[in-house]
1. Once both labels are modelled 7 Å past Cα along the beta-carbon direction, what's the residue B:52-residue A:49 spacing in nm?
2. In whole angstrom, note down how far apart the Cα centers of region A:278-329 and region B:70-121 are.
3. Under a point spin-label approximation (7 Å from Cα along Cα-to-Cβ), what is the residue A:151-residue B:223 distance to one decimal in nm?
4. Which of B:172, B:53, B:159 sits closest to the plus end of the dipole of region B:3-203, meaning its Cα is farthest towards the positive end, when Lys and Arg get +1 and Asp and Glu get -1 on the C-beta?
5. Would you mind working out the magnitude of the charge dipole of the protein assembly as shown relative to its Cα centre, with +1 at each Lys and Arg C-beta and -1 at each Asp and Glu C-beta, to the nearest 20 Debye?
6. For region B:161-215 and region A:11-46, what is the separation of their Cα centres, given in Å?
7. Fewest first, what order do A:172, A:284 take by the number of other Cβ atoms within 10 Å?
8. With charges set only on the Cβ (+1 for Lys and Arg, -1 for Asp and Glu), what does the dipole of chain A come to about its Cα centre, in debye to the nearest 20?
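Nothing in this text is a laboratory measurement; each read-out follows from the coordinates by a stated rule. Quick caveat, the model's predicted, so the values are computed rather than measured. Every residue, glycine among them, receives a Cβ derived from its backbone with ideal geometry; neighbour counts consider all protein chains shown.
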Amino acid sequence: MANVLAFAEQRDGQVGSSAREAVGVAATLAGSMGGEAHALALGGPGLSSSAASLGAFGASAIAVGEHDGLADYNPEGYADAVVAHVQAGDYGAVVFPASTLGKDLAPRVAAKLDVPLASDVTAVSVVDGTVSVRRPVFSGKAFAEVSLEASPAVVTIRPNVFQADEQGEEGTVSTFAPDVDPGSWRVRVVERKGASDGKVDVTEASIVVSGGRGMKDPENWNLLEDLRDAIGSDVALGASRAVVDAGWRPHGEQVGQTGKTVAPKLYVAVGISGAIQHLAGMRTAKTIVAINRDADAPIFGVADYGIVGDLFEVVPKLSEEIRALKAGD
Amino acid sequence: MNVIVCVKRVPDTEARIRVDGSGHAIEKAGIKYDMSPYDAFAVEAALRLKESSGAGEITLLTLGDSSAQETLRKGLAMGADKAVLLTGEVSLDGLATAKVLAEDLRGSDAPLMLFGIKAADDDQSQVGPMVAVLLDRPCVTGVSTFEVDGDKAVCHREVEGGTEVVEVDLPAVLCMTKGPTEPRLAALKGIMAAKRKPLEEKPAAESPSRVRLTALEEPPARSAGRIVGEGADAVPELVRLLREEANAL
């Protein structure tokens with residue numbers, strides 16, 4: 001019997017879907033281990049009101065560490081606070097989101113606890129008391145099933161894969177002051193750019209609109225921005241490697257090997273032929289739409305719906321039709 | 001400034017991956033191997049630092065079997081000065097790998113140790129920060145570019161929807177991602193020179209894996225869907241299908 005801890009990531013003092021998904025996975029594991037799911041959130045003063053919402057997703061206890069120095073992520077402060085909390089709690093497993101923060105934090109925590117870590121997992125189970133996970137390797141060209149033969153088992157979970165179900169219960173919220181010393185930190189964030197302008201990241205968006213070389217010119221991205229705006233919120237722009245290498249789009253938008261791996265509800269590939277590295281990064285999207293003038297493009301081999309044609313005619317029409325559809329809702 | 005760059009030999013990112021008959025390994029026949037692309041970004045960053053500061057030695061380090069010599073020679077041909085191959089088994093346990101590397105790096109006074117943010121085979125993003133913990137060095141991950149400024153490095157880091165500027169005290173571990181400059185290709189002169197550069201091979205420290213692979217599978221085949229139609233005329237039907245059939249809008 002063991003409890004399971006979910007690390008609840010916050011941004012700007014609010015916990016989001018990554019925290020809810022981590023709590024959901026912790027609840028699944030705890031159910032198999034005969035224990036309870038707990039959540040740990042770290043941030044600045046006032047975080048507890050947002051973190052309390054995690055009770056409804058299965059966390060029976062929510063610990064909120066509030067400290068001015070932890071309002072924004074700091075690897076050393078966060079790692080020390082998480083490790084202290086895990087060691088005090090005798091957990092069988094610890095679940096992090098596989099976000100930029102989670103992928104930075106979890107290896108530090110695992111190394112300090114001297115336990116192995118499975119990254120970016122897409123399924124979890126408990127077999128004979130041991131945590132077993134499924135995770136993509138080779139950027140999704142294959143999947144490995146591995147068991148973690150140490151306790152606590154530490155995992156990071158891929159965004160958008162696990163369902164966070166509201167169970168309508170309330171968790172007990174306790175606030176504490178983490179014992180951290182910002183003066184001793186050897187890593188310091190001195191500037192943040194663009195991270196809080198409301199743009200959703202390509203790995204976290206439920207819909208991704210991606211452009212490739214068929215877009216012909218970086219100026220033509222206004223068509224994709226318009227399509228994004230027509231679809232609504234929670235939509236991110238993505239890009240193929242070719243257009244990132246050409247300097248048309250930032251690397252943060254690149255989908256595929258040497259870029260991001262995404263699993264959105266809907267992936268719209270515009271003017272992307274579908275090189276094997278690109279397909280590896282988006283093939284687990286629930287629904288894939290391809291718009292390409294070349295009927296033989298490999299992208300059509302993975303797309304659920306395809307339109308063969310000139311994207312400069314198809315995309316504006318698509319934005320228009322979607323606006324009309326949304327107006328009727 | 002001396003820099004250590006840890007690299008890994010992985011299947012080329014163009015490679016088609018097939019699971020072999022054992023169900024626990026990939027089909028190796030016909031696969032081309034290369035330095036993991038993120039590690040190549042790290043080698044490039046080290047070379048640029050050396051070129052701009054004019055001093056220091058770049059040492060490559062890897063864990064693997066003798067075939068990893070090829071990967072080290074590539075880094076030497078790009079311009080690194082020497083290389084060390086720790087011969088041993090590479091498992092899916094990133095901490096086991098980190099312990100092997102840390103054991104070898106423990107005595108090093110190199111102010112910078114560079115890693116790729118992840119290896120392009122296991123995709124774990126673990127080893128760099130784990131080595132940093134084991135050596136008690138500060139670490140920054142996802143670094144696209146950095147500059148050394150006295151006893152610290154100023155790193156530009158990719159985060160969701162933006163970038164961060166992060167200052168880190170040296171000695172430090174930096175885990176590199178794609179930056180504004182492509183890794184250089186080795187010129188013939190570099191390839192010839194690489195053959196004469198020192199490449200030391202020695203057994204890796206014992207470090208048992210605690211991650212057990214129980215199965216390796218190819219992803220479920222994604223059957224090709226349908227071509228809804230041609231040109232803008234097909235758009236209304238596409239939108240209808242996305243709304244009514246796929247429930248995606």
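1. Distance between the two pseudo-spin positions: 4.5 nm.
2. 42 Å
3. It works out to 4.5 nm between the two label points.
4. Farthest along the dipole direction, towards plus: B:53.
5. Working: 57 positive and 82 negative charges, 319 e Å.
I would put it at about 1540 debye.
6. 34 Å
7. Fewest to most other Cβ atoms nearby, the residues stand as A:172, A:284.
8. Values: 27 positive and 42 negative charges, 173 e Å.
Its charge dipole is roughly 840 debye.
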